[in-house]
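The values are calculated or read from the model by the stated rules, or taken from the named source; none is laboratory data. Because the structure is a prediction, the values reported are computed rather than measured. When we count neighbours, we look across all protein chains shown, and the Cβ atoms used for this are built from the backbone with ideal geometry, even at glycine.
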Amino acid sequence: MKVRPAVVADVPAIHDLIKHHAERQKMILRGKDELYATLREYMVAEAQGKIVGCASVHLFWSDLAELKGLAVDPTYERRGVGRALCDACHADLKRLGVPRVFALSSSGGFFEKIGYRRVPKESLPLFIWGECTRCPSFPICNEEAYVLDLADSPAIPS
Ligand SMILES: CC(C)(COP(=O)(O)OP(=O)(O)OC[C@H]1O[C@@H](n2cnc3c(N)ncnc32)[C@H](O)[C@@H]1OP(=O)(O)O)[C@@H](O)C(=O)NCCC(=O)NCCS
């Protein structure tokens, strides 16, 4: 399995992965127009010529980014794809000099496994909540907030 920055040819597969989990209320559905517009934020995991996972990072400010759009092909779950995608995103944020990343998720066990800590949602700045009305669960929030301080996270082999 290889993790690499996404290219335009990956967009249909990224869209399918996100749609699969969005239909199960796990994440926000993103249209292909939005995926093309934000494609530079995405990493994909490729195995046997197939896109089996995707993830993105969105910068909010000099010291804060969000890890979002994380979706793994259900037939490839629990095989390290999600962790590998997050490692690649964290490495990119370290390269950019961003010290902290957060995720909003109902899959908190995964984020805690890879080193994030759960924090009160109110501890995150208000400006991060702009996409809430697009969430399949809105207005009943079933997500928790998780934070990783990248300076404290182990070095990621390149
Ligand atoms: C959550 C998700 C990204 C995990 O991907 P994955 O490829 O299965 O995760 P990995 O195999 O890399 O797992 C890494 C570790 O987390 C654990 N883990 C994975 N999913 C977990 C979960 N839902 N709860 C608890 N632990 C979990 C794994 O067992 C593994 O532990 P280990 O290192 O001790 O073996 C994937 O299940 C998914 O796409 N879910 C739907 C979309 C979603 O919830 N996205 C996140 C919010 S944007």
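Return the residues of the range 63-98 that are near the ligand (Cβ under 6 Å from one of its atoms) and under 16 Å from Y146 (Cα atoms); say none if nothing qualifies. Steps first, please.
Step one: filter the range 63-98 for residues near the ligand (Cβ under 6 Å from one of its atoms), giving 68, 70-72, 77-83.
Answer for the range 63-98, where residues must be near the ligand (Cβ under 6 Å from one of its atoms) and under 16 Å from Y146 (Cα atoms): K68, L70, G82, R83.
Testing A47 on (1) more than 13 Å from the chain's Cα centre (by Cα); (2) closer than 27 Å to F127 by Cβ, one condition comes back false. Which one is that?
Going through the list (1) more than 13 Å from the chain's Cα centre (by Cα); (2) closer than 27 Å to F127 by Cβ, A47 breaks only (2).
Would you please list the contacts, defined by Cβ atoms under 6 Å and residues six or more apart or on different chains, that run from a residue in the range 1-29 that is part of a loop (DSSP other than H, G, I, E, B) to a residue that is among the aliphatic types (A, V, I, L, M)?
As it stands, the answer is M1/A45; M1/A47; A6/L39; A6/V44; L29/A22, since those pairs meet every condition given.
Provide a single number: the residues in the range 115-124 that are assigned to a strand (DSSP E or B) and either within 12 Å of the ligand (Cβ to nearest atom) or of a type in the set (V, I, T) (or both). Don't jump to the end; show me each part of the working.
Initial filter on the range 115-124 (assigned to a strand (DSSP E or B)): 117-119.
Filter once more, keeping what is either within 12 Å of the ligand (Cβ to nearest atom) or of a type in the set (V, I, T) (or both): 119.
Number satisfying all stated conditions: 1.
Determine whether the range 41-54 contains at least one residue that is near the ligand (Cβ under 9 Å from one of its atoms) and basic (K, R).
Checking the range 41-54: not a single residue is near the ligand (Cβ under 9 Å from one of its atoms) and basic (K, R).
Condition first: among the basic types (K, R), at pLDDT 95 or above, in a loop (DSSP other than H, G, I, E, B) and surrounded by 12 or more Cβ atoms within 10 Å (Cβ to Cβ). Can you find one or more residues in the range 60-79 that meet it? Talk me through it step by step, then tell me what you get.
Kept after step one, since they are among the basic types (K, R), are these residues of the range 60-79: 68, 78-79.
Next, from what is left, pick out any that are at pLDDT 95 or above: 68, 78-79.
Add one more test, that the residue is in a loop (DSSP other than H, G, I, E, B), and what stays is 78-79.
From the residues that got through so far, the ones that are surrounded by 12 or more Cβ atoms within 10 Å (Cβ to Cβ) too are 79.
Yes; the residues of the range 60-79 include at least one that is among the basic types (K, R), at pLDDT 95 or above, in a loop (DSSP other than H, G, I, E, B) and surrounded by 12 or more Cβ atoms within 10 Å (Cβ to Cβ).
Looking at (1) surrounded by fewer than 18 Cβ atoms within 10 Å (Cβ to Cβ); (2) away from the ligand (no atom under 13 Å from the Cβ); (3) assigned to a helix (DSSP H, G or I); (4) of a type outside the set (G, A, S), which one does L35 not meet, given that it meets all the others?
(1)
For the range 106-114, check the following and say yes or no: at least one residue is assigned to a strand (DSSP E or B) and of a type in the set (K, R). Before you say what the answer is, go through the steps one by one.
Taking the range 106-114 first, the residues assigned to a strand (DSSP E or B) are none.
No, that holds for no residue.
Which of the residues spanning the range 33-50 are among the β-branched types (V, I, T) and in contact (Cβ under 8 Å) with a residue 40 or more places away in the chain? Before you say what the answer is, go through the steps one by one.
Going residue by residue through the range 33-50, those that are among the β-branched types (V, I, T) are 38, 44.
Scanning the range 33-50 gives a single hit, V44.
Is it true that some residue in the range 135-154 is assigned to a helix (DSSP H, G or I) and either buried (at least 17 other Cβ atoms within 10 Å of the Cβ) or within 16 Å of the ligand (Cβ to nearest atom) (or both)? Quick ask: steps written out before the conclusion?
Within the range 135-154, the subset assigned to a helix (DSSP H, G or I) is none.
No, because not a single residue in the range 135-154 is assigned to a helix (DSSP H, G or I) and either buried (at least 17 other Cβ atoms within 10 Å of the Cβ) or within 16 Å of the ligand (Cβ to nearest atom) (or both).
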